[in-house]
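One structure is given below, encoded as structure tokens.
The values are calculated or read from the model by the stated rules, or taken from the named source; none is laboratory data. None of the values given here were measured: they were computed from a predicted structure. A quick note on method: Cβ atoms are made from the backbone with ideal geometry, for glycine too, and the neighbour counts reach across all protein chains shown.
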């Protein structure tokens, strides 16, 4: 399956700072990547679907102006948390979709980024 | 995605088989059953998936009932490193994954 690298693995920053998280597909050309958020003791919640060369599709309740997604190449998607506040502190995880066309393939996940806003 | 139901937790002894059940009574014909697991503070890991036939790989076996309304993930010889949250998800091609609460498996020495 696809190998997914996520960077940084953890970050601590002050309130009001913008933070960029990178998700790289190391061995697979990913036209679609996904961004999830996970709060403590909760399950993963999909934030947005990142499509190479086009705008991301955001889930209901996720502010697109606050969580900027760029997917400029087939191997890299970035999530920027703009003007982060303590309530944005969470575990952010990206995944690569192995599916093409009508095939049904698993998603492969990065190891996540733990974001702590002071 | 069809809704799936899993018990909140279970445990098993190290070296024994762990059988993790999942109900997906509203699964549609084109939806596969996927299993992922998440070890603490890591991203989810794909385990196995199937449509209607039983499947086996180096990690686990997946047994799907004939009516496809339920399935069981089998870890044949559980180790301490298998302690994790296991998610059963039913979804079709190109659809989004919807994670439920999963089942927390605790493997005891």
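A few remarks follow.
- For the stretch B:100-109, taking the residues that are under 13 Å from the mean Cα position of the chain (by Cα) and assigned to a strand (DSSP E or B), the one that is farthest from the other protein chains (Cβ to nearest Cβ) is identified as B:105.
- Residue B:12 fulfils the conditions (1) within 14 Å of chain A (Cβ to nearest Cβ); (2) surrounded by fewer than 19 Cβ atoms within 10 Å (Cβ to Cβ); (3) touching a strand residue (DSSP E or B) at 6+ places or on another chain (Cβ under 6 Å) except for a single criterion, (1).
- Near pairs, Cβ below 8 angstrom, 6+ apart or cross-chain, from the stretch A:1-13 (over 16 Å from residue A:80 (Cα atoms) and within 10 Å of chain B (Cβ to nearest Cβ)) to any residue that is part of a loop (DSSP other than H, G, I, E, B) and modelled with pLDDT of 95 or more: A:4/A:110; A:4/B:43
- Test for residue B:39: is it at pLDDT 95 or above and within 11 Å of the chain's Cα centre (by Cα): no
- Within the stretch A:67-107, the set of residues being free of Cβ contacts under 8 Å to residues at least 24 places away in the same chain and touching a strand residue (DSSP E or B) at 6+ places or on another chain (Cβ under 7 Å) comprises A:68, A:70, A:104.
- Residue match in the stretch B:70-78 (condition: part of a loop (DSSP other than H, G, I, E, B), within 13 Å of the chain's Cα centre (by Cα) and either farther than 22 Å from residue A:105 by Cβ or more than 14 Å from every other protein chain (Cβ to nearest Cβ) (or both)): no
This table checks each residue for (1) more than 14 Å from the chain's Cα centre (by Cα); (2) more than 10 Å from chain B (Cβ to nearest Cβ); (3) more than 30 Å from residue B:86 (Cβ to Cβ).
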position	(1), (2), (3)
A:18	yes, yes, yes
A:25	no, yes, no
A:34	no, no, no
A:43	yes, no, no
A:47	no, yes, no
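- Boolean, residue A:41 is touching a helix residue (DSSP H, G or I) at 6+ places or on another chain (Cβ under 9 Å) and closer than 24 Å to residue B:99 by Cα: no
Let's see how each residue does on (1) surrounded by 17 or more Cβ atoms within 10 Å (Cβ to Cβ); (2) part of a loop (DSSP other than H, G, I, E, B):
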{"position": "B:1", "(1), (2)": "yes, yes"}
{"position": "B:34", "(1), (2)": "yes, no"}
{"position": "B:62", "(1), (2)": "yes, no"}
{"position": "B:66", "(1), (2)": "no, yes"}
{"position": "B:88", "(1), (2)": "yes, no"}
{"position": "B:98", "(1), (2)": "yes, yes"}
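- Qualifying residue in the stretch B:41-62 (condition: farther than 19 Å from residue A:106 by Cβ and within 11 Å of another protein chain (Cβ to nearest Cβ)): yes
- Any hit, the stretch A:88-100, residues being within 10 Å of the chain's Cα centre (by Cα), surrounded by fewer than 19 Cβ atoms within 10 Å (Cβ to Cβ) and modelled with pLDDT of 95 or more: no
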